[in-house]
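The values are calculated or read from the model by the stated rules, or taken from the named source; none is laboratory data. Predicted, not measured: the structure shown is a model, and the values here were computed from it. We place every Cβ from the backbone using ideal geometry, glycine too, and count neighbours over all the protein chains shown.
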Amino acid sequence: MTAPADTDVAIVGFGPVGATLAILLGQLGRSVVVLEKWPEPYPLPRAVHFDDEVGRILQSCGVGDELRRITEPADIYEWRNAAGATLLRFGRLSDHPLGWPLSSMFTQPALEALLDQRARALPTIDVRRGVEVYDLVPDNDGVTIRTTNGDELRARSVVGCDGANSTVRDLVALPVRDLGYFYDWLVVDVILDDARVFDPLNVQICDPNRPTTVVSGGPGRRRWEFMRLPHEPLDELSDERRAWELLASWDVHPRNARLERHAVYTFRARYAEQWRAGRVLLAGDAAHLMPPFAGQGMCAGVRDAANLAWKLDLVLTDRAPDALLDTYEDERLPSARAAIEFSIELGKVICVPDVAEAAARDEAMAAAVGDELMDAPPLPGLVAGLVHPSAQHAGDVWVQPLVDGRLFDDVHGAGWRLVTVDTDIDALGPAVVEWFASIGGRVVRLAPPDALAGRWFAAHDAAWVLQRPDFHLYGTATTAPGAAALLEDLRAHLSVARPSLEGMHS
Ligand SMILES: Cc1cc2nc3c(=O)[nH]c(=O)nc-3n(C[C@H](O)[C@H](O)[C@H](O)COP(=O)(O)OP(=O)(O)OC[C@H]3O[C@@H](n4cnc5c(N)ncnc54)[C@H](O)[C@@H]3O)c2cc1C
């Protein structure tokens, strides 16, 4: 006979993904133990970019104001050849429909410090550092977790947020697919003594003699990345002197700059083909790894956390069946794969050390590039999982309007939200509204909507949106009866989680 679980969720790994998941669960009142093998936070920069959707998710962790203080917005991401001709220009010079710049540049330790502080402020989260998990034994009631310092604890679910070499993934034998795309790059993080303007702020220099990334590393910091050339010895590139030699052509040297870190990374592309084994799930780098050119590795992991947290909450409180957790992989794996594939496509543009090949690339790309800024290809919306099968715009991420000058999520929180510009709220009927409240749902009338929401409703032929806690739309409706039907469909959908959707109203 096994002991009852004393914790709802044990999270293995306290990187940005484990921390985000812990906070989102803790905010929902779930008890969480986080087990992290290193006694101290990882001190060196890794990710430098997150996108607007991730900004919004982190805002929902209660760190939005502080996050704006440690980030530098970036509108344009330029790709140039060795001669300086533009090959690609991503970006958008517009308002920020999700309430965050399209790109924010930052240093990962500063973000992790914010998340650490927030997690420790939540009463149901217990962060234990210096504790390495080496064994998991799942059973009908929970999972027994053993750590190298002799502890044994029980949790109802375990999430492996334990990074690229995930022990959790190995312990439950979830298969990994490696796409065989990898390159070595020297990553150099620099703090310049004097403020300097870099225009463009973020640029990839597709020079076959030394493919190079030059980007912001957040306020006061710069990141250079230099690709290892064929036949270039690894130990030579790893030598600090080599980092300074490579930086010299940027007028960066020991008299005007401090090297925060230099290290050669092998960027890889791979993903776990299954993200769940019963009570054990994976998130973040444990589930997917990608080259850094799209700046999406951590972003994908933060999206995992946002997708999983509310589902775990509903299942662990018996408000939804266990099968809801299967929609996690259904929804997240296609998006993570799309991010990996886009990162590889970008890698194919820059990781070209052959002069003739680079010349052919330059000719083809320079002919195709226009003056217009390009949008990075959107990640696929949700097509399988907990989205309405026929409602318009189901699966899209909804905008974040302003309410009396404040961001919507700061005013109304980030749970299930039925948002409308209709005056006919009473027509929904009390029973379905009461059920909606039982899953943390709230009906919000925008009276009047701000310009962003007004434009959105007008352009999308809708008067109601039903938004999930991770900001994806379950569906939209044009009338109050249509919105009530949408709620009823959600109720039916949540009662079986992977139903045949025949017989639903709309
Ligand atoms: C050079 C570089 C540039 C990057 N640039 C970007 C970018 O611009 N944008 C972006 O979105 N992403 C970027 N990334 C990726 C990003 O850094 C990672 O995706 C992110 O750190 C993954 O977070 P995580 O929480 O999943 O894993 P990690 O940050 O790796 O955390 C995992 C944690 O688990 C702990 N752990 C492991 N095993 C155990 C165990 N058995 N028991 C207990 N604890 C354990 C580890 O100690 C670690 O703290 C970049 C990465 C690199 C290397």
* **Pair list, Cβ under 8 Å, 6 or more apart: the stretch 35-59 residue more than 10 Å from the ligand (Cβ to nearest atom) and at pLDDT 95 or above, other residue among the basic types (Lys, Arg) and outside any strand (DSSP E or B)** => 53/303; 57/303
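Is there a residue in the stretch 360-378 that is among the aliphatic types (A, V, I, L, M) and closer than 30 Å to residue 324 by Cβ?
Start the filter on the stretch 360-378 by keeping residues that are among the aliphatic types (A, V, I, L, M), which leaves 360, 364-369, 373-374, 376.
Okay, now just the ones that are also closer than 30 Å to residue 324 by Cβ, so none.
No, there is no match, as no residue in the stretch 360-378 is among the aliphatic types (A, V, I, L, M) and closer than 30 Å to residue 324 by Cβ.
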* Structure fact -> Residues of the stretch 60-81 being of a type in the set (Asp, Glu) and within 13 Å of the ligand (Cβ to nearest atom), in sequence order, are 72
* Asked: Has the stretch 293-315 got at least one residue that is crowded, with 23+ Cβ neighbours inside 10 Å and not in a helix (DSSP H, G or I)?
  -> yes
* Output for the stretch 232-288, where each listed residue is part of a loop (DSSP other than H, G, I, E, B) and under 30 Å from residue 333 (Cβ atoms) -> 268, 269, 273, 274, 275, 278, 279, 283, 287
* Quick check: anything in the stretch 424-439 touching a residue at least 12 places away in the same chain (Cβ under 8 Å), within 29 Å of residue 65 (Cα to Cα), of a type outside the set (Ser, Thr, Tyr) and in contact with a Gly (Cβ under 7 Å, 6 or more places away or on another chain)? -> no
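Being more than 23 Å from residue 80 (Cα to Cα) and in contact (Cβ under 8 Å) with a residue 40 or more places away in the chain is the requirement here; does residue 219 meet it?
Details: more than 23 Å from residue 80 (Cα to Cα): yes; in contact (Cβ under 8 Å) with a residue 40 or more places away in the chain: yes.
For residue 219, the condition - more than 23 Å from residue 80 (Cα to Cα) and in contact (Cβ under 8 Å) with a residue 40 or more places away in the chain - is met.
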* **Residue among 482, 415, 475 that alone is closer than 28 Å to residue 314 by Cα, touching a Gly at 6+ places or on another chain (Cβ under 7 Å) and either surrounded by 15 or more Cβ atoms within 10 Å (Cβ to Cβ) or free of Cβ contacts under 8 Å to residues at least 24 places away in the same chain (or both)** => 415
* To do: Could you look through the stretch 3-19, keep only residues that are buried (at least 24 other Cβ atoms within 10 Å of the Cβ) and more than 8 Å from the ligand (Cβ to nearest atom), and pick out the one that is farthest from residue 127 (Cα to Cα)?
  => 9
* To do: Could you pull out the residue among 381, 370 that is within 30 Å of residue 47 (Cα to Cα), assigned to a loop (DSSP other than H, G, I, E, B) and without any contact (Cβ under 8 Å) to a residue 60 or more places away in the chain?
  => 370
* **The listed residue being within 12 Å of the ligand (Cβ to nearest atom) and within 23 Å of residue 30 (Cα to Cα), out of 279, 268, 303, 261** => 303
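Give the residue that is surrounded by the fewest Cβ atoms within 10 Å (Cβ to Cβ), with candidates limited to residues of the stretch 44-62 that are within 12 Å of the chain's Cα centre (by Cα) and outside any helix (DSSP H, G or I).
Taking the stretch 44-62 and keeping what is within 12 Å of the chain's Cα centre (by Cα), we get 47, 49-58.
Next, from what is left, pick out any that are outside any helix (DSSP H, G or I): 47, 49-51.
Details: 47: 23, 49: 25, 50: 26, 51: 21.
It comes out as 51.
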* To do: Enumerate the strands (runs of 3 or more DSSP E) found wholly within the stretch 145-218, keeping only those where 3 or more residues are in contact with a strand residue (DSSP E or B) (Cβ under 7 Å, 6 or more places away or on another chain) and within 13 Å of the ligand (Cβ to nearest atom).
  => 152-160, 183-192, 212-216
* Quick one: would you say residue 447 is more than 25 Å from residue 380 (Cβ to Cβ) and assigned to a helix (DSSP H, G or I)? -> no
* To do: Mind listing whichever residues of the stretch 84-143 are within 10 Å of the ligand (Cβ to nearest atom), over 30 Å from residue 316 (Cβ atoms) and not in a strand (DSSP E or B)?
  => 106
